[in-house]
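Each remark here refers to the structure printed beneath this line.
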Amino acid sequence: MDPVRIDKYLWAVRIFKTRSDAAEAVRQNRVTVNGSPVKPSREVRTGDRIGVRRERVNYSYEVVDIVSSRQPAKNVPLYCRDITPQEELDKLHAPHETIFVFRDRGTGRPTKKERREIDSLMEGFMFEEED
């Protein structure tokens, strides 16, 4: 079968909901083929490895066969194999750290002094994460 554009292939195997979403992700360098960033017109061939970065996770796929029309979900494994490492999938369930500063209801906006205290608390938290 003839090669297919990367944006069309990503849409056909249901990695992206629309072809324009796929093309936009490719333009923003969130998609790689065999480790190299590509343009939406890049043609995909059997055996290519596609990397897709979404939020914090880098998904990996291997092209099993070429398809140009959108497939039902049950047929996707015939054309694309998910080879994403488990470490990347674990990032989906990682806890998110948040800071909540309690303020009594009706006390209004923080004063300048309170704002500085909140900022210094946030700076200390940010530096701990980087280490």
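Checked against the criterion of being at pLDDT below 95, in a loop (DSSP other than H, G, I, E, B) and farther than 25 Å from Ala23 by Cα, the candidates Gly47, Gly106 yield just one match: Gly106. Annotation: Ala25 fulfils all but one of (1) in a strand (DSSP E or B); (2) buried (at least 18 other Cβ atoms within 10 Å of the Cβ); the unmet one is (1). Residues in region 50-88 that are touching a residue at least 24 places away in the same chain (Cβ under 8 Å) and assigned to a loop (DSSP other than H, G, I, E, B): Arg56, Asp65, Ile66, Val67, Ser68, Ser69, Arg70, Gln71, Tyr79, Ile83, Thr84, Pro85. The lone criterion from (1) at pLDDT below 95; (2) in a loop (DSSP other than H, G, I, E, B) left unmet by Lys91 is number (2). Take Val13 and tell me if it is surrounded by 13 or more Cβ atoms within 10 Å (Cβ to Cβ), at pLDDT 95 or above, in contact with a helix residue (DSSP H, G or I) (Cβ under 8 Å, 6 or more places away or on another chain) and not assigned by TED's automatic domain parsing to the domain that holds Glu123. In short, yes.
The values are calculated or read from the model by the stated rules, or taken from the named source; none is laboratory data. Since we're looking at a predicted model, the values are computed, not measured. Cβ coordinates were reconstructed from backbone atoms using ideal geometry, including for glycine residues, and neighbour counts include every protein chain displayed.
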